[in-house]
Amino acid sequence: MVIVTVYVHVKADCVEKFIRATRENAENSRKEPGIARFDVIQEAENPTRFMLIEAYRNAEAPAAHKETSHYMKWRDAVESMMAEPRTNRKYVEISPDESGW
């Protein structure tokens, strides 16, 4: 499994529009066979900051996700809403060993 965290800082006047666009993208992303989980969270103390947590079933799934029409629609729609370029970090799952951990 590959987990990607995406960090987004949105302009204050764009928060609601960003949430609408991101909800639509998340709903469609969850239907992709390569996505195990797709969460959108908003920072409690600074509502202009968001994190997307994307869990992919295999190493090829992130690239496949970026080829979908819903991702490209989201990417284009939210670009002008961002206060700064989004960043991401990639992680790999550490599975339990034979003892269960």
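Do we have any residue at all in segment 57-79 that's within 14 Å of the chain's Cα centre (by Cα), farther than 23 Å from residue 95 by Cβ and part of a strand (DSSP E or B)? No; the residues of segment 57-79 include none that is within 14 Å of the chain's Cα centre (by Cα), farther than 23 Å from residue 95 by Cβ and part of a strand (DSSP E or B). Tell me, yes or no, whether segment 14-27 has at least one residue that is surrounded by 12 or more Cβ atoms within 10 Å (Cβ to Cβ) and outside any helix (DSSP H, G or I). No, that holds for no residue.
Is it true that residue 19 is within 11 Å of the chain's Cα centre (by Cα) and β-branched (Val, Ile, Thr)? Spelling it out, it is not the case that residue 19 is within 11 Å of the chain's Cα centre (by Cα) and β-branched (Val, Ile, Thr). Within segment 32-79, being more than 18 Å from residue 1 (Cβ to Cβ), loosely packed, with under 14 Cβ neighbours inside 10 Å and free of Cβ contacts under 8 Å to residues at least 24 places away in the same chain holds for 41, 43, 44, 45, 46, 67, 69, 72, 75, 76, 79.
Rule-based calculations on the coordinates, nothing more; no lab input. Since this is a predicted model, take the numbers as computed values, not measurements. Glycine also receives a Cβ, built like all others from the backbone with ideal geometry; neighbour counts cover every protein chain displayed.
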